[in-house]
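First comes the structure, then the notes that go with it.
Rule-based calculations on the coordinates, nothing more; no lab input. Just so it is clear, the structure is predicted and the values come from calculations on it, not from any experiment. Neighbour counts are summed over all protein chains in view; Cβ atoms, including those assigned to glycine, are modelled from backbone coordinates with ideal geometry.
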Amino acid sequence: MPSLPDVMTRDAAALAASAAAARPAPDDPADEVGREPVHEPTRAALVEFLTRMGDNTLVLGHRLSEWCGHGPALEEDIGVANIALDLIGQTQFWLGLAGEVEGRGRKADDLAFLRDVWEFRNVLLVELPNGDYGHTLMRQFLFDAWHVEALRALAASTEVRVAGIAAKAVKEAHYHLEKSADLVVRLGDGTEESRRRMQAALDVLWPYAGELFLGDAVDAVLAEAGIAPDPASLRAAWDATVRPILAEATLRVPDGTFAHKGGRRGIHTEHLGRMLAEMQFLQRAYPGATW
Amino acid sequence: MYAQLVKTDATQVRGLDEMPPEERAFQERIDRGEKIEPKEWMPEGYRKTLIRQIGQHAHSEIVGQLPEGNWITRAPTLERKAILLAKVQDEAGHGLYLYCAAETLGVSRDELMELLHAGKMKYSSIFNYPTLTWADMGAVGWLVDGAAIMNQVPLQRTSYGPYSRAMIRICKEESFHQRQGYDIMTKMAGGTPAQKHMAQDALNRFWFPALMMFGPSDKDSVHSAQSMAWRIKMNTNDELRQKFVDQTVPQAERLGLTVPDEGLRWNEDKGGYDFSEPDWSEFFEVIAGNGPCNRERLGARVKAWEDGAWFRDGLKAHADKAVRARMAVAAE
């Protein structure tokens, strides 16, 4: 049932090599970012960016895994676990590469289990508690619609390892979006109660979506180098995905442009600390043990 | 074994000569090793017993998600988290196959769920024990899935076609589960003193509950005899328990762990281990609802079901609207 072999493929270098083989050779390979030596400011920005990607998938994957055995239907228990598995698998790639580029010998597990809350770089949206299942689905939908656009752009990154991970992950994200969008429509346009719940979720979560499109100096460096898109450039495509689905779901898009932010700089909600206390318990309580 | 104490309604097992012609033809097909398929004639007792057995097995799979789900959010590495998630997801999948198999006998998944929630159907006693440390994830895979496989492998040859086919799919995944459990135990038993302590402690707590999974001795049970005649039970509880002990004790030795049974001895004459009986009064208490986690386990399932009602109703309402819209178009 699970796509375990895929999930467990952790060899980012092999993935990148296959992605590189599928791409036309650059005019001058020495110019290609991702080969050593990387320009220092770019390297620092790249580590930051990879950490943001990996923390988004780690934290959201963790939240989804909290549903395991508690979903509203058996099919949902299976589906949500599948998406959590994909996201944890992607985390292994992103954080694995972050550690590699950083060059301080940290592995994906060190980054996931041994950083404290201020070092996490995920957007606030993904760390919010699950709420009811409608809340979980709405959060997933708003994220998936961004994730697909971000990964699609990243698949054309000048950094071959980034492009390799994105090319694999975008296929999974497409499936996630298909599922979450479908359920948002069916529950928005379902019973009065299901519409009320989906609208309430949208009202709460909408102000957290804006952070996905806020850029900073890190993004500027990477956009300049062609490594990652300017976050703001993804907004139009996201709107083009999200608004028609919400309309079909008979849901009203909240007014206002206010966006909660801070996660990408390490300023989080109170919820993340509790999540990490649980997630990191064994690594913290038994330092140096292998599992 | 995920189905325990399954009753058959039989008061005695009848011989072929005592059966009406239709039932006799049915029994002869089973004796020839033929599979019975959903639309074919079957005795009412066979149908009812299978519903009880498959339903109990399905419930065990979905309640069985909970003790391991308890550690998914605390898994110590990303790889362990992914493996455990995949395993618990498999269990939900097994539940789904089994509910589908039960549906071919004329009972819906919702009806079975309601019987579970009302306490009128059981799930395996083992899932009423708590998972207290990470080593329990190893012990559950190694011992609980290991015990389940003992019963499920022979059930691949059971007489009811849909059950047999579900079991074939399930067994493939269960052996992976058992291996991952043993792999966790290997790491823990070979790890730091604290990890080794957790491993031994997990074995201490799960050993006898695992032996109880096979149920009390049924060598004199008319229900077991009837189920064996129908080939929906392939071995006695004692045979399976013996096989499990004989397989598991050397594995514990390889881990450097001690099986918590002072009565455990190799018996050269029978070519197997002698071992102590579990405390059957504890087993019957757990079955009666007095295990350490009965209330939490059933409560979690009832809560998931009740909290999910709006979700299921919403999807149904949407589907009904879509049907009405299509009919309106067709009527134009």
Exercise. Of the trypsin sites (Lys or Arg not before Pro) in the range B:118-177, which ones lie in a loop per DSSP and count no more than 12 other C-beta atoms within 10 Å?
Worked result: B:K120
For this session: Can you pull the one-decimal nm distance between simple spin-label points at A:A285 and A:L214, each 7 Å off the Cα toward Cβ?
Result: 3.6 nm
For this session: Over 28 Å between C-alpha atoms is what I'm after, so list which of B:K196/B:K219; A:K179/B:K321; B:K81/B:K172 land there.
Result: B:K196/B:K219
Problem set entry | Reachable aspartates and glutamates from B:K39, criterion Cα separation under 14 angstrom, eight or more residues apart if same chain | B:E103
For this session: Rounded to the nearest Å, what's the spacing between the alpha carbon centres of the range B:139-218 and the range A:34-107? Just the number, please.
Result: 31 Å
Exercise. Quick one: in chain A, what % of C-alpha pairs are over 33 Å apart?
Worked result: 21 percent
For this session: Report the charge-dipole magnitude of the range A:83-130 in Debye, nearest 20, computed about the Cα centre from +1 at each Lys and Arg Cβ and -1 at each Asp and Glu Cβ.
Result: 80 debye
For this session: May I ask for log10 I(q)/I(0) of the range B:114-258 at q = 0.18, 0.19, 0.20 Å⁻¹, from a Debye sum over the Cα atoms as equal point scatterers with solvent left out?
Result: -1.09, -1.17, -1.25
Exercise. What is the mean projected area of the alpha carbon convex hull for chain B, to one decimal in square nanometres?
Worked result: 21.2 nm²
Seminar exercise, completed: Cα extents of the protein assembly as shown along the principal axes, largest first, in whole Å, come to 87, 74, 45
Exercise. For the range B:10-76 and the range A:138-170, what is the separation of their Cα centres, given in Å?
Worked result: 47 Å
Exercise. Residues with beta-carbon under 9 Å from that of B:H318, excluding B:H318: net charge, scoring Lys, Arg +1 and Asp, Glu -1?
Worked result: +1
Exercise. Which of B:E332, B:E34 comes first, and how do the rest follow, when ranked by fewest Cβ neighbours within 10 Å?
Worked result: B:E332, B:E34
Seminar exercise, completed: Scaled by the rule-of-thumb 2.2 N^0.38 Å, the alpha carbon Rg for the range B:257-326 gives a ratio of 2.25
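Taking the Cα centre of the protein assembly as shown as origin, work out the dipole magnitude from +1 charges on Lys and Arg Cβ and -1 charges on Asp and Glu Cβ, in debye rounded to 20.
In debye, rounded to 20, the protein assembly as shown gives about 320.
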Problem set entry | Likely footprinting exposure, B:I62, B:I30, fewest C-beta neighbours within 10 Å first | B:I30, B:I62
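Using only the Cα atoms of the range A:178-291, build the gyration tensor, take square roots of its eigenvalues as a ≥ b ≥ c, and label the shape rounded, prolate or oblate: rounded if a/c is under 1.5, else prolate if a/b is larger than b/c, else oblate.
Oblate shape, in that a/c is at least 1.5 and b/c is the bigger or equal ratio.
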For this session: Quick one: order A:L212, A:L74 by neighbouring beta-carbon count within 10 Å, fewest to most.
Result: A:L74, A:L212
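What's the long-distance tail for the range B:190-246, i.e. % of Cα pairs beyond 17 Å?
53 percent
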Exercise. Which of the lysines could a cross-linker bridge to B:K303, judged by Cα under 19 Å and excluding same-chain residues fewer than eight apart?
Worked result: B:K120, B:K122
Exercise. Straight-line reach from B:K233: which aspartates and glutamates have a Cα under 16 Å away, not including same-chain ones fewer than 8 places off?
Worked result: B:D9, B:D31, B:E34, B:D218, B:D220
Exercise. Based on Cβ point charges of +1 for Lys and Arg and -1 for Asp and Glu, what charge dipole magnitude is obtained for chain A about its Cα centre, in debye rounded to the nearest 20?
Worked result: 280 debye
Seminar exercise, completed: Among A:I245, B:L315, A:A259, the residue whose Cα sits farthest towards the positive end of the charge dipole of the protein assembly as shown, when +1 is placed on the Cβ of each Lys and Arg and -1 on the Cβ of each Asp and Glu, is B:L315
